[in-house]
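Colleague: Starting off with a structure, shown below.
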Amino acid sequence: MTDPLFEYLCRMGDSTLVLGHRVSEWCGVAPVLEEDIALANTALDLIGQTQLWLGLAGEVEGKGRDADALAFHRDVWEFRNLLLVEQPNGDFGRTMMRQFLFDSWHLSYLKGLAGSSNDQIAAIAEKSVKEVTYHLERSTDTVIGLGDGTEESHRRMQDALDRLYPYVGEMFLTDAVDTAMTEQNIAPDPATLRPAFDAHLDAVLQEATLTKPQDNFAHKGGKTGARHTEHLGHMLSQMQWLQRAYPGATW
Amino acid sequence: MVKPSPAPVPGLGRDPAPFTVVGGHDTSARTDGEKPSLETVWNWLGQIPDPEIPVITLTDLGIIRDVEWNGDTLEVTVTPTYSGCPATSIINLDIETALRAHGIENLSLKRRLSPAWTTDWLTDAGRAKLEKYGIAPPQPAGGPQHCPHCKSQAVEKISQFGSTPCKAQWRCTDCLEPFDYFKCI
């Protein structure tokens, strides 16, 4: 079996990498300049965090792979990101709903990780908390603004929530890798974070005049790598194109 | 590219610093012919501008966390402002270039993530320089104290993010000028 710590660090790094890439797809085409800049900055933070997570994963693995090798020289079945983050951008509303759902989980999870028994993980989490606090503030404001906005924006945000909600559950699933981390006090048990997440979600959705879907069905298979959605492969073919065509190319 | 200068030979009466010292500060702080004192090194680092906000220096920004000699190797510890800030690698390159130009041959740059950088580490001089340049310095209250141009307190946020990861966009509703606000983290 793969070292659970390596597996775990890939989960963290792959989720920030895939979302960072998705968000960067907006660069130059966002609805207004300020949003374009904000999205690019969010993507930049996530890619920066990816360098830290995957850099540490490579060190832990000890096979000479660095963050770039892990990001660009693995294929889709080796990725361990959450299914939520690989979902296509859709319209601006769907992008911001995806961001809000991720940020809400991400911030509470990172706060738990800041007390990790692993000093390097704690340091990355401490650094990331500052950045993600800003992400959540912004995505929360945007979800409320668009949800409680015009008829059109409200409809789009409700559609986005209905479409993305089935991907929320995976963020709180606990499996053998999580249990191994929890036992060593490296990471919190994701399942324990669900009540606080739900409370925050309900409060924001109420203010945004949006309705949470009744069905709690959750797609899974992203963080274990067992079953990604079809979208990840297409995204990687874009993101990894250069390194696939010209392996090892550098500036 | 400036080549490292040869180490001065003690007792030959030559200038102990065979390079141009920016700012002309006192180089008598050197303890011997080869190793500049830490104070001198801090002084040199204090001359390096931030690549994206060149009115402030790296020491104003508070990102140089430690400078020490480990045998013959000078170790400089730097903390990133934001984990994805593209200026980080330029900053490391600028530090290396400057110290090499001052004759430092054995140099080791270390990254320190924890404690995470905070705007509390911006020096007072740095905050004053930012304001003079038109960037409102960070405030614990979470927003600018006043417009850096006309000093009016009637300001509003345009966007939480700005032209660099460390800044947000605000505007003054009196003089109507938009301005950057250095985010407080």
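Colleague: Please determine, by comparing only the residues of segment A:131-141 that are over 14 Å from A:Y109 (Cβ atoms) and surrounded by fewer than 18 Cβ atoms within 10 Å (Cβ to Cβ), which one is nearest to the other protein chains (Cβ to nearest Cβ).
Modeller: A:E137
Colleague: Of the residues that sit in segment A:89-130 and are more than 14 Å from chain B (Cβ to nearest Cβ) and basic (K, R), which one is farthest from A:M171 (Cα to Cα)?
Modeller: A:R94
Colleague: Do you know which residues across segment B:56-77 are surrounded by 15 or more Cβ atoms within 10 Å (Cβ to Cβ) and under 23 Å from B:C184 (Cα atoms)?
Modeller: B:I56, B:T57, B:L58, B:T59, B:D60, B:L61, B:G62, B:I63, B:I64, B:R65, B:T77
Colleague: While we're here: Starting from segment B:103-117, keep only residues that are within 14 Å of another protein chain (Cβ to nearest Cβ) and more than 16 Å from B:W44 (Cα to Cα), then list their pairs with residues that are part of a loop (DSSP other than H, G, I, E, B) and not hydroxyl-bearing (S, T, Y) whose Cβ atoms are within a distance under 8 Å, requiring at least 6 positions of separation or different chains.
Modeller: Correct list of pairs: B:R111/B:P80; B:L113/B:P80; B:W117/B:G62; B:W117/B:I63; B:W117/B:P80; B:W117/B:I185.
Colleague: Mind checking which residues of segment B:141-185 are assigned to a loop (DSSP other than H, G, I, E, B) and within 14 Å of chain A (Cβ to nearest Cβ)?
Modeller: Matches in segment B:141-185: B:G142, B:G143, B:Q160, B:F161, B:G162, B:S163, B:T164, B:P165, B:C166, B:K183, B:C184, B:I185.
Colleague: Can you tell me which residue among B:S83, B:S114 is modelled with pLDDT under 95, assigned to a loop (DSSP other than H, G, I, E, B), over 18 Å from the mean Cα position of the chain (by Cα) and under 30 Å from A:L52 (Cα atoms)?
Modeller: B:S114
Listed here are the residues, each with its yes/no results for (1) of a type in the set (A, V, I, L, M); (2) at pLDDT 95 or above; (3) out of contact with any Gly (no Cβ under 7 Å at 6 or more places or on another chain).
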site: A:A180; (1), (2), (3): yes, yes, yes
site: A:E183; (1), (2), (3): no, yes, yes
site: A:P188; (1), (2), (3): no, yes, no
site: A:A199; (1), (2), (3): yes, yes, yes
site: A:D202; (1), (2), (3): no, yes, yes
site: A:E207; (1), (2), (3): no, yes, yes
site: A:K212; (1), (2), (3): no, yes, yes
site: A:D215; (1), (2), (3): no, no, yes
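Colleague: Starting from segment B:155-179, take each residue that is in contact (Cβ under 8 Å) with a residue 40 or more places away in the chain and list its partners that are surrounded by 13 or more Cβ atoms within 10 Å (Cβ to Cβ) and of a type in the set (S, T, Y), counting only C-beta distances under 6 angstrom and pairs at least six apart or across chains.
Modeller: B:P165/B:Y82; B:C166/B:T81
The values are calculated or read from the model by the stated rules, or taken from the named source; none is laboratory data. Since we're looking at a predicted model, the values are computed, not measured. All Cβ positions, glycine included, derive from the backbone under ideal geometry; neighbour counts span all protein chains shown.
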